[in-house]
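Each value in this text was obtained by applying a stated rule to the coordinates, not by laboratory testing. Everything numeric here is computed off the predicted structure, so don't read it as measured data. Neighbour counts run over all protein chains shown; Cβ positions are idealised from the backbone, glycine included.
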2 protein chains.
Amino acid sequence: MSDKPRRDGGADIKMSDIARHAGVSPMTVSRALREPSTVSEKMRRKVDAAVREFGYLPNRIAGSLSSKRSNVVGLIVPSIRNSLYANMVQAISDVLRTNGFHLMIANSGHHLEDEEALVSALLAQRVCGLVLHNTTHSKQVRDLVAKTGVPVIETGNLPAEPLDMVVSYSNFEAARAMTAHLGRLGYRKIGFVTLPLRDNDRSEERRHGYFAALKELGLPADPSLVLEAPGGFAEGADALVRLIQTHPGLDACFFAGDVLAVGALFECQRRGWAVPGRVAIASFDDLDLLRHAVPTVTTLRIPRDEIGRRSAELLVNRLLGAPSERVRIDVGFEIVQREST
Amino acid sequence: MSDKPRRDGGADIKMSDIARHAGVSPMTVSRALREPSTVSEKMRRKVDAAVREFGYLPNRIAGSLSSKRSNVVGLIVPSIRNSLYANMVQAISDVLRTNGFHLMIANSGHHLEDEEALVSALLAQRVCGLVLHNTTHSKQVRDLVAKTGVPVIETGNLPAEPLDMVVSYSNFEAARAMTAHLGRLGYRKIGFVTLPLRDNDRSEERRHGYFAALKELGLPADPSLVLEAPGGFAEGADALVRLIQTHPGLDACFFAGDVLAVGALFECQRRGWAVPGRVAIASFDDLDLLRHAVPTVTTLRIPRDEIGRRSAELLVNRLLGAPSERVRIDVGFEIVQREST
DNA sequence: TTATAGGATGGTAGCGATACCAAGAGAATG
DNA sequence: CATTCTCTTGGTATCGCTACCATCCTATAA
């Protein structure tokens with residue numbers, strides 16, 4: 001190939017070329033492509049023919065610059081890997097696509113500084129909207145968002161002071177509800193395993209919810225019943241074993257995050273601990289896995305795809321002209337009682 | 001609907017504003033931002049100060065149009081939900097990001113027609129490169145790619161006639177190797193459960209691999225030992241039960257796709273079928289889950305993140321000027337023998 | 001028939017950056 | 001001291017499209 005990396009290939013057909021070959025003005029081509037109804041049948045046919053003949057692809061970059069309008073939404077998630085986010089991303093992607101928008105995705109790895117850099121980068125790309133799976137932001141981010149005025153959806157938690165629109169559930173309420181549920185089932189010594197609390201308001205809220213429920217149940221708040229563990233099968237297993245060693249009377253354990261519960265369940269199978277006979281296990285988030293494991297696992301169903309869908313819908317509506325009003329949607333959650341408790 | 005959706009907010013600072021406030025020309029600002037080394041220390045400081053003062057964010061859309069260069073890579077996966085792809089996506093995203101590129105993602109839902117529409121849309125956005133998790137394309141797609149000359153990575157299979165660059169493993173070889181492995185372990189009646197074959201060359205290749213291995217093993221090729229199932233726990237369970245009902249002598253089953261094996265394993269636990277005593281179970285793709293299940297599950301390790309990483313690296317190199325040559329990387333696979341076989 | 005509205009077209013001027021070339025200022029050379 | 005070279009800086013012309021306004025034509029009303 002050539003010296004300079006060229007990426008527009010040989011076929012560099014532009015609108016004016018199509019116009020010339022169709023015997024119309026560039027404006028007519030532009031209109032025929034974007035608002036066909038404003039163009040006469042005859043013109044439209046001429047344009048369509050030329051477009052097809054040359055395989056013309058309008059340059060959306062130029063279009064965006066000229067119209068000051070973009071059709072790309074930016075999304076920042078803590079981790080793309082995590083299947084919970086994946087569900088949400090898929091839902092967002094689907095809604096955007098059916099409305100002619102595209103999705104630019106980035107992952108912050110749970111770091112606030114990274115979020116800052118990514119928000120800047122996405123805004124520099126002039127995305128027309130943002131979805132942030134995170135509700136605690138640096139001042140920089142808040143300023144940027146305020147200054148540019150892009151519509152923003154926050155997700156993953158229900159913040160006290162939202163940037164703009166929010167679609168989420170309450171981590172506090174969810175954790176409290178599950179803990180209370182365990183109490184109602186008669187469990188008295190309930191362990192709590194959480195994802196790392198640092199830089200993660202969601203984990204923090206869940207922990208508060210756990211303690212709030214204990215209080216309501218009239219159970220002692222024993223900090224040594226709380227363990228912090230990075231998400232993962234092995235970590236869940238490990239956490240359960242440690243809890244049982246230090247608290248032989250443990251009769252239930254609530255794993256507030258990602259596959260921890262399943263790891264623990266497998267460990268019980270390995271050690272021959274009956275679930276829920278020896279220890280009951282409850283999880284957070286309705287992974288498919290939990291419904292099929294043996295025994296099936298009690299969990300909190302968070303409607304991740306609904307979150308994605310509604311986020312995208314709100315964004316699209318706003319972009320299509322809906323008034324700029326604060327919206328706060330609590331999608332709620334549901335306790336799914338299964339065999340493990 | 002308000003009159004005009006504006007998305008550039010109040011703060012609409014452009015390079016010329018920064019230039020004026022810094023007392024330099026726009027070109028100097030542009031250079032100070034992109035190639036600071038070509039600008040004198042003094043100028044750079046003036047520019048930086050002004051940039052910070054106004055919180056200026058360069059407009060990459062304008063930049064791209066002007067330079068005919070974009071820093072966005074397009075990615076099309078069959079499903080964002082699927083955690084296998086998620087691993088790859090994350091790896092791609094990471095590499096791109098450290099090189100200053102962004103990722104636009106779309107999912108085709110396994111439909112070729114959708115791929116076509118998405119490729120067009122991404123090319124209209126003037127992405128500087130494409131990653132396609134699919135190696136069978138419509139003529140339209142092949143033409144588009146050829147005409148625009150964008151660098152393309154294909155992934156997910158090793159095609160006979162690649163579009164451009166390929167990073168993958170051989171589904172045929174992988175399935176053959178696993179089937180042969182089961183044969184070597186002494187299993188004689190080996191079932192095969194595959195994902196839907198329609199529009200999916202990867203599944204098709206796996207099936208061929210299975211039959212090729214049977215032949216090498218001198219085992220009869222019995223089509224009734226092959227079942228097609230959509231991915232999922234329940235589907236895997238169901239498939240195994242049906243196979244065992246129709247073939248009581250079944251001593252092993254190879255699940256060539258997505259969580260099918262785990263679903264089957266759970267079913268065995270429910271029915272009290274010993275694994276591998278009653279039936280051995282082998283899977284495809286090294287989901288974390290398989291390493292932790294009880295029993296642990298024999299599987300094929302496909303280096304999904306390596307695929308993502310190397311894809312992105314190839315793309316970045318090409319974009320940074322590497323010569324345009326066909327590259328075909330076979331990342332291989334590995335049989336992971338565990339307790340289930 | 002003339003006036004007038006309204007829909008369909010086209011011309012022109014940007015959008016906000018970068019490429020390319022010209023020019024000025026020093027530094028280095030003979 | 002003149003001359004050449006290099007390093008910075010700035011001016012100008014796009015990039016490919018769309019907004020906006022002017023124009024033209026046809027249809028309807030008076």
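How far is helix A:260-271 tilted, in degrees, relative to the longest principal axis of the Cα atoms in chain A, given as a value from 0 to 90 rounded to the nearest 10? The angle comes out near 40 degrees.
log₁₀ I(q)/I(0) of segment B:15-58 at q = 0.21, 0.25 Å⁻¹, via Debye over equal Cα point scatterers, no solvent, to two decimals? These q points yield log10 I(q)/I(0) values of -0.52, -0.75.
Where a Cα-Cα gap under 19 Å defines reach, which lysines qualify for B:K68, not counting those fewer than 8 residues away within the same chain? Straight-distance partners of B:K68: A:K4, A:K14, A:K68, B:K147. Taking the C-alpha atoms only, the angle from helix B:139-148 to the longest principal axis of chain B is near 30 degrees. Around the Cα centre of the protein assembly as shown, unit charges on the Cβ atoms of Lys, Arg, Asp and Glu (plus for the first two, minus for the last two) sum to a dipole of about 1500 debye.
May I ask you to derive the relative contact order of chain A, considering only C-alpha pairs under 8 Å and at least 6 residues apart, and to give it as an integer percent? Mind showing how you got there, number by number?
Details: 589 pairs, mean separation 52.8, N = 341.
Relative contact order of chain A: 15 percent.
Each Lys and Arg contributes +1 and each Asp and Glu -1, all at the Cβ; summed about the Cα centre of segment B:46-102, the dipole is approximately 140 debye. Per-residue Karplus couplings for segment B:189-199, computed as 6.51 cos²θ - 1.76 cosθ + 1.60 with θ equal to phi - 60°, are listed in order as 10, 9, x, 9, 10, 10, 5, x, 8, 4, 6 Hz, Gly and Pro entered as x.
Taking the label point 7 Å along Cα→Cβ, B:D143 and its counterparts in the other copies are spaced 5.2 nm apart, in ascending order.
Each residue of segment A:57-62 was assigned a 3J(HN,Hα) from its phi angle through the Karplus curve 6.51 cos²θ - 1.76 cosθ + 1.60 (θ = phi - 60°); the sequence is 10, x, 8, 5, 5, 4 Hz, with glycine and proline shown as x. On a C-alpha basis, how far is the centre of segment A:207-262 from the centre of segment A:299-341 in Å? Whole number, if you could? So the two Cα centres are separated by 27 Å. Put +1 on the Cβ of every Lys and Arg and -1 on every Asp and Glu Cβ in the protein assembly as shown; which of A:M104, A:V77, A:G156 then has its Cα farthest towards the positive end of the dipole? Selected residue: A:M104.
Relative to the longest principal axis of the Cα atoms of chain B, helix B:83-98 runs at roughly 30 degrees.
Most tightly packed first, judged by the mean number of other beta-carbon atoms within 10 Å of their residues, the peptides B:250-259, B:196-205 read B:250-259, B:196-205.
Derived scalar couplings between HN and Hα for segment A:332-338 equal x, 7, 8, 8, 10, 7, 10 Hz in order, rounded to whole Hz, by the Karplus curve 6.51 cos²θ - 1.76 cosθ + 1.60 (θ = phi - 60°), x for Gly and Pro.
Calculate the dipole size of chain B relative to its Cα centre from +1 charges on Lys and Arg beta carbons and -1 charges on Asp and Glu beta carbons; express the result in debye to the nearest 20. Show your work: numbers first, answer last.
Numbers: 43 positive and 40 negative charges, 222 e Å.
The dipole of chain B has a size of about 1060 debye.
Plainly put, the tip 7 Å out from Cα toward Cβ on A:D48 is 5.7 nm from that tip on each other copy, the closest given first. Remark: mean inter-chain Cβ contacts per residue of B:93-100 equal 2, using a 10 Å Cβ-Cβ cutoff to other protein chain atoms.
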